[in-house]
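The values are calculated or read from the model by the stated rules, or taken from the named source; none is laboratory data. Values in this document were obtained by computation on a predicted structure and should not be read as measured data. Neighbour counts run over all protein chains shown; Cβ positions are idealised from the backbone, glycine included. To get the accessible areas, we keep the full protein, side chains included, count just its heavy atoms, and leave off ligands, DNA and RNA. Shrake-Rupley method; radii C 1.70, N 1.55, O 1.52, S 1.80 Å.
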Amino acid sequence: MSTNCNIPAITPDELVKLGLKGITAAILECKRCQLHENATNKVIMRGAETPKVLFIGEAPGKNEDEAGIPFCGRAGKVLDELIAYMDLKENEYAIINTVKCRPPNNRKPTQKELKTCRPFLLAQIELLGPQVIILLGNTAEQAFCVSALDWGEAIATPEGKHLIKLYHPAALLYRRSLMEKQREMIDMNKGLWQNTR
Ligand code: SF4
């Protein structure tokens, strides 16, 4: 085990001072949890640096680990379908994950791993500054530390952002019947990103 448990905790505020490039460098060097041991590539973000909408997924899978790009496999194609349905332009969205290294056998990240990687997540959110944060599934919700959200129901944060929980694209791969419900939830909320154009 090469994880160094004695590494001092790093705070989101310290990371924000580094800027997005500095955070990328810090993630690339990070060995704060055991997930780094199996990672081929750290998977940091894709999309705009000033997005209106930020998608937060669970964790990198096999394709993402190999390419170092979030949502580039089959679930990524489903997410791209949803992004097209939302009518978001290239410069209006970004995608990140709760943890930046692939968990072995695509298992869910543990609570400890989520907690250890959370400063990166929070600092990315702060720097990207989206108006709408879409949590893709329950793990993203847990990582964000909010109490149980209702699917598709937007809540406002004290910072004036909107949080929405939608189904993870991988769930839609296996249950295409959920796609209609996902589109209804998007339709209910589309004013949040379309009215500000
Ligand atoms: S998952 Fe996050 S905290 Fe764990 S090693 Fe990777 S970057 Fe570091």
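Side notes on the structure shown:
- For residue 155, the conditions (1) open to solvent by 40 Å² or more (accessible area, probe 1.4 Å); (2) closer than 22 Å to residue 46 by Cβ all hold with the exception of (2).
- Residues (away from the ligand (no atom under 14 Å from the Cβ) and closer than 23 Å to residue 173 by Cβ) located in the stretch 36-55: 46, 47, 53, 54, 55
- Yes/no for residue 80 being charged (D, E, K, R), within 16 Å of the ligand (Cβ to nearest atom) and at pLDDT 95 or above: no
- The set of residues in the stretch 72-96 that are closer than 21 Å to residue 127 by Cα, in contact (Cβ under 8 Å) with a residue 24 or more places away in the chain and not aliphatic (A, V, I, L, M) comprises 90, 91, 92, 93.
- Residues that are basic (Lys, Arg) number at least 2 in the following helices (runs of 4 or more DSSP H) confined to the stretch 88-197: 111-128, 178-189.
- Summed over the stretch 105-154, residues that are free of Cβ contacts under 8 Å to residues at least 40 places away in the same chain, among the aliphatic types (A, V, I, L, M) and under 17 Å from residue 182 (Cα atoms) total 2.
- Residue identified as among the acidic types (Asp, Glu), within 22 Å of residue 130 (Cα to Cα) and open to solvent by 10 Å² or more (accessible area, probe 1.4 Å) among 29, 64, 14, 37: 14
- Of the set (1) within 12 Å of the chain's Cα centre (by Cα); (2) at pLDDT 95 or above; (3) closer than 20 Å to residue 52 by Cβ, all apply to residue 144 but (2).
- From the list 116, 98, the one residue that fits, being touching a helix residue (DSSP H, G or I) at 6+ places or on another chain (Cβ under 8 Å) and within 16 Å of the ligand (Cβ to nearest atom), is 98.
- The listed residue being modelled with pLDDT under 95, open to solvent by less than 10 Å² (accessible area, probe 1.4 Å) and more than 14 Å from the ligand (Cβ to nearest atom), out of 172, 136, 128: 172
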